[in-house]
Amino acid sequence: MKKEFKIGSRTIGNNSPCFCVAEMSGNHLKDYNRAVEIIHAAKEAGADAIKLQTYTADSLSIDCDNEYFQIHGGLWDGMTEYKLYQEASTPWEWQPKLKEVAEGLGLECFSSPFDFASVDFMTQLNMPAYKIASYEINDIPLIRKVAKLHKPVIFATGVAHAEDIERALQVCREEGNEEIMLLKCVSAYPTPYEEINLNMIPTLAKTYDCLVGLSDHSMGSVVPVGAVPLGVKMVEKHLTLRRADGGPDGAFSMEPEEFKEMVDHIRILEKALGQAKYELTEKQEKERSGSRSLFVVKDIKAGEKITPENVRSIRPNAGLHTMYYEEVLGKTAVCDIAMGTPLSWELIR
């Protein structure tokens, strides 16, 4: 799989900044103006992209309330799947306008398709990438249709077995699409920290030889920030204006101030991580002048011996290297040497 590709104008790769994505999901609460406000909040918080979801309740389920379609436990306890998707879906007629708003602010805008019609719709909008949600990673016909578009495909792996991932990647390879990213993800809302298993991130990258990101549903920013040193090149978090506003995803979404703090900390950490090679920076080389060397610490007369009393290892680093200390002891001064003089070979014999 490719280790570098573009989503819109952004380069995604091992040598590029982490791609920070604000997932709107159902946090618009069926209010177009609120959706626009979330996009503006994402921009101000430092996001690189806003992500939508392109589906209807009918493309995900059927309007049936028998036991198979009831949701038990969690945030959506007591709802049917159909009712949940009705409440959370983003009206399709908004999406061209929302994409235009996002791009006008310099954000990328892409979405998750859930059936053939939504793929066709996203294609018409020329969306720069396609995210396959966790529960669709076993929808081979959908994956094949997306892979054929030769745009980046981002797979959430929240409910995937290893064979699901391998099968999805094989379909992409068959269609000649190697612009793939896997997202470490846990499909629990919110996700308990002990279930996240960030240490799986390097394993995913090594096992499937591809770029890896994180789709995080835990509370706060510790998990996404902590994933950056492990190699994630994309972080996705749900964004709302205020959790207190409610909505199907509100309880585990970030508020704008929290999203900004997360992005700021990721950018700081990226600077701090630097490169995996041992060499001093220009500033560190200058600071090295403050390290130790051999200095004359007591006036020495010509012909006098060098002893531990008149030569010591002290700061700064202007005299002979300290490794020569044993060698210079017992040598003779060739001239008078004042206290505070850096010791050099020219002064002794």
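The values are calculated or read from the model by the stated rules, or taken from the named source; none is laboratory data. Since we're looking at a predicted model, the values are computed, not measured. Glycine gets a Cβ as well: all are built from the backbone with ideal geometry, and neighbour counts include every protein chain shown. What goes into the accessible areas is simple: the full protein's heavy atoms, side chains included, and nothing from ligands, DNA or RNA. Shrake-Rupley method; radii C 1.70, N 1.55, O 1.52, S 1.80 Å.
Amide H to amide H under 5 Å from GLU108: which residues, 5+ apart in sequence or cross-chain, H placed 1.01 Å off N in plane?
So GLU108 has HN proximity to ALA49, ILE50.
Given a cut-off of under 8 Å on Cα pairs at least six residues apart, what relative contact order in percent is computed for the chain?
Values: 687 pairs, mean separation 54.2, N = 349.
Worked out over the chain, it gives 16 percent.
If Lys and Arg each add +1 and Asp and Glu each add -1, what is the summed charge of the other residues whose beta carbon sits under 13 Å from the beta carbon of LYS305?
Numbers: positive: LYS298, LYS301, LYS331, ARG349; negative: GLU304, GLU309.
It works out to a net charge of +2.
For THR322, tell me the accessible area in Å² from a 1.4 Å probe, rounded to the nearest 10.
For THR322, solvent-accessible area is about 50 Å².
Build a GNM of the chain with springs between Cα atoms under 10 Å: which of VAL263, VAL101, VAL232 gets the top mean-square fluctuation?
VAL101
Roughly how many whole Å is it from the C-alpha centroid of the stretch 150-166 to that of the stretch 16-67?
About 20 Å separates the Cα centre of the stretch 150-166 from the one of the stretch 16-67.
Select from the stretch 299-349 those GluC sites (Glu not before Pro) which occupy a DSSP coil region and have at most 15 other Cβ atoms within 10 Å, ordered by residue number.
Numbers: sites: GLU304, GLU309, GLU326, GLU327, GLU346; in loops: GLU304, GLU309.
Filter output for the stretch 299-349: GLU304, GLU309.
Quick check: residue separation of GLU282 and SER344 times 0.36 nm, minus the Cα distance between them. What number comes out in nm?
Result: 19.8 nm gained on full extension.
Hey, can you grab everything whose amide H is under 5 Å from the amide H of HIS238? Only 5+ residues off in sequence or another chain; H modelled, so Pro and N-termini drop out.
Residues meeting the amide H criterion: GLU23, MET254.
When the chain is modelled as a GNM with alpha-carbon springs shorter than 10 Å, which of GLU166, GLU287, GLU103 fluctuates the most?
Comparing GLU166, GLU287, GLU103 in a Gaussian network model of the chain, the most mobile one is GLU287.
Once phi is turned into ³J(HN,Hα) by the Karplus curve 6.51 cos²θ - 1.76 cosθ + 1.60 with θ = phi - 60°, what whole-Hz value does each residue of the stretch 321-334 show in order, with x for glycine and proline?
Working through the residues one at a time gives 4, 5, 5, 8, 4, 4, 5, 7, 4, x, 6, 10, 6, 8 Hz.
How much accessible area does ASP299 have with a 1.4 Å probe, in Å² rounded to the nearest 10?
100
Summarise the accessible area of the chain (1.4 Å probe, protein heavy atoms) by the percent that is carbon and sulfur.
Values: 8570 of 17020 Å².
Carbon-and-sulfur percentage of accessible area, whole number: 50.
Just to verify a number: FRET efficiency for PHE69 and GLU44, C-beta to C-beta distance, R0 = 51 Å, to 0.05? Kindly include the intermediate steps, with their values, before the conclusion.
Values: r = 39 Å, r/R0 = 0.77.
Efficiency at R0 = 51 Å is approximately 0.85.
Once phi is turned into θ = phi - 60°, what whole-Hz ³J(HN,Hα) does the Karplus curve with 6.51, -1.76 and 1.60 give for every residue of the stretch 80-85, x standing for Gly and Pro?
Here the 3J(HN,Hα) series is 8, 4, 4, 5, 4, 5 Hz.
When only the heavy atoms of the protein chains count and the probe is 1.4 Å, how do ARG242, ARG144 rank by accessible area, highest first?
Solvent-accessible surface, decreasing: ARG242, ARG144.
What net charge is computed for the residues neighbouring VAL228, neighbours being all others with C-beta under 10 Å from the C-beta of VAL228, Lys and Arg scored +1, Asp and Glu -1? Mind showing how you got there, number by number?
Details: positive: LYS233, ARG267; negative: GLU270.
Charge balance in the 10 Å sphere: +1.
Report, in cubic angstrom per residue, the convex hull volume of the C-alpha atoms of the chain.
Details: hull volume 65.3 nm³, N = 349.
So the per-residue Cα hull volume is 187 Å³.
May I have the count of lysine pairs in the stretch 230-295 with C-alpha atoms under 27 Å apart, counting pairs 8 or more residues apart or located on different chains?
9
Hey, rough spin-label estimate for THR332 and ARG173, points 7 angstrom out along Cα→Cβ, what's it come to in nanometres?
Modelled inter-label distance: 7.8 nm.
Taking H as built 1.01 Å from N, whose amide H comes closer than 5 Å to the amide H of HIS150, not counting residues under 5 places away?
none
For the stretch 94-231, list log₁₀ I(q)/I(0) at each q in 0.14 Å⁻¹, using the Debye formula over Cα point scatterers of equal strength and ignoring solvent, two decimals each.
Evaluating at q = 0.14 Å⁻¹ gives log10 I(q)/I(0) of -0.68.
Could you tell me which of SER313, THR341, PRO248 has its Cα farthest along the dipole of the stretch 213-349 towards the positive end, charges placed at Cβ (Lys, Arg +1; Asp, Glu -1), taken about the Cα centre?
Farthest towards the positive end: THR341.
Can you tell me the length gained on complete extension of the stretch TRP94 to LYS30, counting 0.36 nm per residue apart and subtracting the Cα distance?
Numbers: separation 64, 0.36 × 64 = 23.04 nm, distance 1.02 nm.
Residue separation times 0.36 nm, minus the Cα-Cα distance, leaves 22.0 nm.
For the full complex of protein chains and a 1.4 angstrom probe, list LYS131, LYS151 by accessible area with the highest value first.
Working: LYS131 15, LYS151 55 Å².
If we order LYS131, LYS151 from most to least accessible, we get LYS151, LYS131.
Kindly write out, for the stretch 48-54 in residue order, the coupling ³J(HN,Hα) from the Karplus curve 6.51 cos²θ - 1.76 cosθ + 1.60 (θ = phi - 60°), rounded to whole Hz, with x marking Gly and Pro.
Ordered by residue, 3J(HN,Hα) equals 8, 8, 10, 10, 10, 10, 10 Hz.
Show TYR85, TYR68 ordered by accessible area, largest first, where the area counts protein heavy atoms only and the probe is 1.4 Å. Provide the component values of the computation, followed by the final result.
Numbers: TYR85 50, TYR68 175 Å².
Accessible-area ranking of TYR85, TYR68, largest first: TYR68, TYR85.
What number comes out for the charge environment of MET1, summing +1 per Lys or Arg and -1 per Asp or Glu over other residues with Cβ under 9 Å away? Kindly include the intermediate steps, with their values, before the conclusion.
Details: positive: LYS2, LYS3, ARG173; negative: GLU178, GLU179, ASP209.
Taking every Cβ under 9 Å from that of MET1, the sum is 0.
Could you give the length gained by full extension between ASP120 and LYS206, i.e. 0.36 nm per residue of separation minus their alpha carbon distance, to one decimal place? Present the calculation step by step, with values, prior to reporting the outcome.
Details: separation 86, 0.36 × 86 = 30.96 nm, distance 3.31 nm.
My answer for the length gained is 27.7 nm.
Mind grabbing the accessible area of SER89 for me, 1.4 Å probe, Å², rounded to tens?
SER89 has an accessible surface of roughly 20 Å² with all protein chains in place.
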